[in-house]
Amino acid sequence: MAEPVVRIPDAKVALSTASVYPESTATAFEIAARLGYDGVEVMVWTDPVSQDIEALRRLSDYHRMPILAVHAPCLLITQRVWSTDPWTKLQRAQAAAEKLGASTVVVHPPFRWQRQYARDFVTGLWRMADETDVRFAVENMYPWRYRDREMLAYAPEWDVTKDDYRHFTVDLSHTATARTGAMEMIDRMGERLAHIHLADGNGSAKDEHLVPGRGTQPCAELLERLALSGFDGHVVIEVNTRRAMSSAEREADLAEALAFTRLHLASALNATSKQ
């Protein structure tokens, strides 16, 4: 039989529900289905639907969009979502992932002012990971900057590769904001890299989350490496579309991000098959 013209790797491409903000979680499912994404990552935040397991299950069933990951409520604006206790938040995220069939919970390292949580975070996360098949994939963050000042907001480290975690999420908008080498960080993560937040950035002090290909980050290089390495995690489009002037413009950005991702996942395998 002839070789297929294009070979697509097994990694699934999902849409983060955060990518449609200020639109709703329900809108994210609708757009993901219409554009041909493989599933969604649910950002648990102030939208009540994002916190409601049964509502999420109904959206997933209605749109035939599997929930591949749950992002625990780790942001400043979600400090009271699913309790004010950070360990309770993680336990509820784990339970949600198990009930919804998601393989991954994305979690940020603690804020430095969460002293007890930060002190116990590494060992506590290992303990939780031993009790479930769900992966807790800790996400790289960045220093906070204002003018010429820098504040280390996360503990134990914003560079999560300096601590011993079972699984990692790499976010390329965060590597841009941190002004650190993305591919070098991925090398340090090695086989523990389990989850991708694909976005772009130009090294601004702000966390930009640009559509892949519109910044300076090695988005294409990362995707090509994933394809060749047999990566078995998920690639999640997590971009900022708040400045979109219309729903059509937002959808065009998300279609462009999906096309970019599929193209570069396929191109590396295509090139290899022709050698």
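The values are calculated or read from the model by the stated rules, or taken from the named source; none is laboratory data. If you're wondering where the values come from, they're calculated on a predicted model, not measured in any experiment. Here the Cβ positions follow ideal geometry from the backbone for every residue, glycine too, while neighbour counts run over all protein chains shown. To get the accessible areas, we keep the full protein, side chains included, count just its heavy atoms, and leave off ligands, DNA and RNA. Shrake-Rupley method; radii C 1.70, N 1.55, O 1.52, S 1.80 Å.
Leaving out ligands, DNA and RNA, and with a 1.4 Å probe, what % of the accessible surface on the chain is carbon or sulfur?
Numbers: 6460 of 13030 Å².
Ligands and nucleic acids excluded, carbon and sulfur give 50 percent.
Determine the shape class of region 11-266: with a ≥ b ≥ c the square roots of the Cα gyration tensor eigenvalues, call it rounded for a/c under 1.5, and otherwise prolate if a/b is greater than b/c, oblate otherwise. Note, shape of region 11-266 comes out rounded. A DSSP coil position with no more than 11 other Cβ atoms inside 10 Å describes the following chymotrypsin sites (Phe, Trp or Tyr not before Pro) in region 89-122: Trp113. GNM remark for the chain: springs join alpha carbons under 10 Å apart, and the peak mean-square fluctuation among Gln51, Gln217, Gln116 falls on Gln116. Only Cα sites of region 1-121 enter the Debye sum here, all with the same form factor; the resulting log10 I(q)/I(0) across q = 0.09 1/Å is -0.28, listed in q order. Ser103 sits with roughly 50 Å² accessible to a 1.4 Å probe, with DNA, RNA and ligands left out of the calculation.
Taking every protein chain into account, the 1.4 Å probe leaves Arg166 with about 80 Å² of accessible area, to the nearest ten.
What the Cβ-Cβ distance of Tyr146 and Arg192 gives, at R0 = 25 Å and to the nearest 0.05, is a FRET efficiency of 0.20. Largest GNM mean-square fluctuation across Met43, Met151, Met185, computed for the chain with C-alpha springs under 10 Å, falls on Met151. The label-point distance for Thr216 and Asp232, in a model that sets each label 7 Å from Cα toward Cβ, rounds to 3.7 nm.
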